[in-house]
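Structure record follows, encoded as structure tokens.
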Amino acid sequence: MLKPQNLREKYGNWAVVTGGSSGIGLALVRLLASQGVNVFIVALDDALLDEAQRGVSKQFPTVQIRPIGVNLGDKSENYMKQITEQTDEVDVSILVNNAGFLVMGFFNEESIDKYISSLHCNAMAAIRLTHHFYSLMITKKIKGCVMFTSSAAWFLPAPFASSYGASKALLSHFGNSLAIEAQQHGIDVTIFHPSYTHSNLYRETPKLDVVTFLSKFGWTPEQVAKRMFACAGRVIVHDMGFYAIATNLLGRFWDSAFLTTCIIPFRDSMAPKKTNSSQNKKTQ
Ligand SMILES: NC(=O)c1ccc[n+]([C@@H]2O[C@H](COP(=O)([O-])OP(=O)(O)OC[C@H]3O[C@@H](n4cnc5c(N)ncnc54)[C@H](OP(=O)(O)O)[C@@H]3O)[C@@H](O)[C@H]2O)c1
């Protein structure tokens, strides 16, 4: 029911969108550009980033779209130097922590480095970037906005995606707490929990029946991006779609220990089919 709003008028003309090279992030970048907001796209340094930069720049020639190709899953946090250097000359008033990837399968069958890298990309990098830009917003007295693309995956136990669910729990809890602190500085924080969205997220993951089922009710990245921006500064936490709303409600009626016990009998039907485990390039 929230009407669209102009984020350039509300916050300013520079944004940083992580994971802006595809899916929800790319839709967010397009929406910002359509409102005249210049955007730094932070994503892996690959062909997708290049295409996104060229495509959005061509569509919105008066807006600056600057790519920053880094690996946010790098636990040595080398990405910060590049991001800081490239963004230092402008006032960033909109930060969207959206980058993420999903490692799915039997926990013991993927390398621990892959899990740690996903925790970094999905949660730790977001906290690091938020600390940097949020502190600058306060020092420069900028009316800003920090958004997190979290996920409904943490509302219930997430077997076969345990690190993903855990990373999103960290992100959402952090965002909720920050929202309270941020209010006194005039900075809006929004945490978003989309249900299944058609994107590249599942491209390299095993095909789970439950995911295939949810995909039938999937949203488009454009729908998600539109809703996220409608929420900015108006809603702190938003669950989008049936799955997010239903699983959040379940956790309000029953405690997590009970839900975990209930899920165990369904484990085999939820498990990935035995194939070669996916090779996710994002962790390299
Ligand atoms: N799709 C869903 O059903 C769904 C539901 C709930 C929440 N989400 C969340 O929504 C966010 C966006 O995902 P999406 O669905 O739009 O998937 P997507 O199309 O795969 O987009 C993910 C973005 O993150 C970037 N990225 C991945 N690993 C990275 C790394 N190590 N370093 C830097 N950038 C990296 C990707 O860059 P490359 O493409 O170059 O790898 C891409 O730009 C994620 O946080 C995801 O968890 C998605």
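A few remarks follow.
- Subset of the stretch 187-222 that is without any contact (Cβ under 8 Å) to a residue 12 or more places away in the chain and more than 11 Å from the ligand (Cβ to nearest atom) - its residue that is most open to solvent (accessible area, probe 1.4 Å): LYS216
- For the stretch 1-16, a residue qualifies if it is outside any loop (DSSP other than H, G, I, E, B), open to solvent by 10 Å² or more (accessible area, probe 1.4 Å) and out of contact with any Cys (no Cβ under 8 Å at 6 or more places or on another chain), and the qualifying residues are ARG8, GLU9, TRP14.
- Residue count, the stretch 134-154 (criterion: in contact with a helix residue (DSSP H, G or I) (Cβ under 8 Å, 6 or more places away or on another chain), open to solvent by 20 Å² or more (accessible area, probe 1.4 Å) and of a type in the set (Gly, Ala, Ser)): 1
- All positions within the stretch 57-90 that are of a type in the set (A, V, I, L, M) and over 19 Å from the mean Cα position of the chain (by Cα): VAL63, ILE65, VAL90
- Search result, residues across the stretch 223-242 that are surrounded by 17 or more Cβ atoms within 10 Å (Cβ to Cβ) and more than 17 Å from the chain's Cα centre (by Cα): GLY233
- Positions within the stretch 243-261 being touching a Ser or Thr at 6+ places or on another chain (Cβ under 9 Å), in contact (Cβ under 8 Å) with a residue 60 or more places away in the chain and open to solvent by 40 Å² or more (accessible area, probe 1.4 Å), in sequence order: TYR243
- Hits in the stretch 126-157 - residues which are over 26 Å from ILE264 (Cβ atoms) and within 12 Å of the ligand (Cβ to nearest atom): ALA126, LEU129, MET147, PHE148, THR149
- Positions within the stretch 87-110 being farther than 21 Å from HIS193 by Cβ and either open to solvent by less than 10 Å² (accessible area, probe 1.4 Å) or touching a residue at least 24 places away in the same chain (Cβ under 8 Å) (or both), in sequence order: THR87, VAL90, ASP91, VAL92, SER93, GLY105, PHE106, PHE107, GLU109, GLU110
The values are calculated or read from the model by the stated rules, or taken from the named source; none is laboratory data. Computed from a predicted model, the values in this text were never measured in an experiment. Reconstructed Cβ throughout: ideal geometry from the backbone, glycine too, with neighbour counts over all protein chains shown. Accessible surface is based on the protein model in full, side chains and every heavy atom, while ligands, DNA and RNA are left aside. Shrake-Rupley method; radii C 1.70, N 1.55, O 1.52, S 1.80 Å.
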